[in-house]
1. Can you give the extra length, in nm with one decimal, that the chain gains between residue 156 and residue 201 once fully stretched, where that is 0.36 nm per residue apart less the Cα-Cα distance?
2. Which whole-number percent gives the relative contact order of the chain, counting Cα pairs below 8 Å spaced six or more residues apart?
3. Residue 16 versus residue 186, label points 7 Å from Cα toward the beta carbon: distance in nm?
4. Of the labelled options [x] 15.1; [y] 19.4; [z] 12.6, which one gives mean projected area of the Cα convex hull in nm² as computed for this structure?
5. Rank the residues 25, 200 as a footprinting-exposure proxy: fewest other Cβ atoms within 10 Å of their Cβ go first.
6. Only helical DSSP H runs with n ≥ 4 go in: add -39500 (n - 2.57) per run for the chain, normalise by residue count and round the 222 nm mean residue ellipticity to 500 deg cm²/dmol.
7. Please build a GNM for the chain, connecting alpha carbons under 10 Å apart, and tell me which residue among 109, 142, 132 fluctuates the most.
8. Tell me, in nm to one decimal, what length is gained between residue 42 and residue 226 on full extension, where the rule is 0.36 nm per residue of separation less the Cα-Cα distance?
């Protein structure tokens with residue numbers, strides 16, 4: 001099988017026995033840390049991602065609203081962020097992390113149709129130097145997934161996936177909520193803003209902006225809007241962010257570091 005072969009996935013029905021629609025993203029590639037050997041832990045290599053999403057798009061077809069389907073442009077950016085930020089030991093870890101993110105219940109900041117099942121294939125095209133192309137394909141259903149949620153003073157934290165050396169979380173900031181400035185010099189952080197209206201260091205931060213490598217840097221999010229806002233975070237080592245006793249940062253906050261845009265222009 002070539003590395004660009006079509007995904008082979010099962011037929012998935014809804015609760016009424018009707019076949020669900022299938023939306024695919026194929027050929028998403030990012031350089032990331034993936035592997036168990038020493039050379040793979042320090043040098044990024046290409047990882048290709050192909051996904052199939054099973055959902056009901058009939059309301060979107062009639063009403064023409066993105067909230068009734070999946071915004072595949074934004075989703076591609078979110079998946080690329082995960083590939084960039086996580087440091088996977090195995091293809092199995094990468095596939096499971098992506099599946100769990102795809103099947104998590106939507107938030108107010110990213111209103112969309114619920115994905116009922118997902119097929120994910122991850123491929124390491126350069127792992128064997130051209131001798132062969134290793135890949136792994138998995139299929140998961142939303143009703144088999146369990147997600148922990150922890151209440152916090154600023155809102156709540158959804159535990160999306162935890163690997164051996166990292167954790168993927170959604171920080172959901174309630175209206176008027178504040179994620180206070182905290183410092184933990186032992187933790188590396190990557191954060192992607194999913195909604196519109198958050199302030200970072202008191203300045204507006206756009207949807208789809210990501211900030212990598214904020215180890216030891218105090219930063220604060222404010223939600224002055226009337227709706228919940230969400231930040232997707234990858235933290236190394238894995239912990240539920242801000243749930244433990246990391247001291248508040250007392251120094252004056254610096255201006256936000258330059259970020260990277262992961263969403264397409266709209």
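1. Full extension of this stretch gives 14.2 nm more.
2. About 17 percent, as a whole number.
3. The answer from the label model is 5.4 nm.
4. It is the one labelled [x].
5. Fewest-to-most ranking of 25, 200: 25, 200.
6. It lands at -4000 deg cm²/dmol.
7. Highest fluctuation of the listed residues: 132.
8. Once the chain is fully extended between residue 42 and residue 226, it gains 61.9 nm.
Just so you know, all these numbers are worked out from the coordinates, no wet-lab data involved. A quick note: this is a predicted structure, and the numbers were derived from the prediction, not measured. A quick note on method: Cβ atoms are made from the backbone with ideal geometry, for glycine too, and the neighbour counts reach across all protein chains shown.
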